[in-house]
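The values are calculated or read from the model by the stated rules, or taken from the named source; none is laboratory data. Predicted model, so just to flag it, every value in this text is computed and none were measured. Positions of Cβ are generated from backbone atoms using ideal geometry, with glycine treated the same way; all protein chains shown enter the neighbour counts. The protein model used for the area step is the full one, side chains on, heavy atoms only, and it has no ligands, DNA or RNA in it. Shrake-Rupley method; radii C 1.70, N 1.55, O 1.52, S 1.80 Å.
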Amino acid sequence: MRIRRSVHAGLVAVAAAAGTMLAAPLGHAAPWDKVNCVPVPIASRLEVTCTNTTAEAATATMIALCSDLRILHEPEFPIAPADTVTFTRDCGAGATLLLWNASGETISERAQRRERERSDEQEKQRKQREQSDQDDKQREQERKRRSGY
């Protein structure tokens, strides 16, 4: 009997806590803030709705491929902080959408991504120089070996 009452009391407590959490208004904590983009194909056009839940400006990018091989591209469409925007691009008469994608990022995320890309490119160039230097040394050693040194 005591175990049953304890289990029942525990379930009531869990249900009350869950109800309180579900009824509480959702806040926008920094880790959850982001830019959400939803591309929706409608016949020959692509409609993209992006919501910026952050406190900073953001941009959205959309790219699509039409059946007539036309490329639809909208680079860095601006979105104000805590705003929603919708933009549409059309393949034209007789064409349909084959592939599409849309994404968004805040200004600081874009700056971080570009810095990572720059850093990655510099690292790639450094490795290529090192490999080229090693290749040069190997060729020089092979040349000396063949010439009898």
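Measuring r between the beta carbons of residue 99 and residue 34 and using R0 = 30 Å, the FRET efficiency lands at 0.80. Taking 0.36 nm per residue of separation and subtracting the Cα-Cα distance, full extension of the segment from residue 43 to residue 124 would add 24.9 nm. What does the accessible area of residue 77 come to, in Å² to the nearest 10, when a probe of 1.4 Å is used? Probe radius 1.4 Å; accessible area of residue 77 about 50 Å².
Pair-distance distribution P(r) for region 40-149, from all Cα-Cα distances in 10 Å bins starting at 0: 13, 25, 19, 16, 10, 9, 6, 1 percent.
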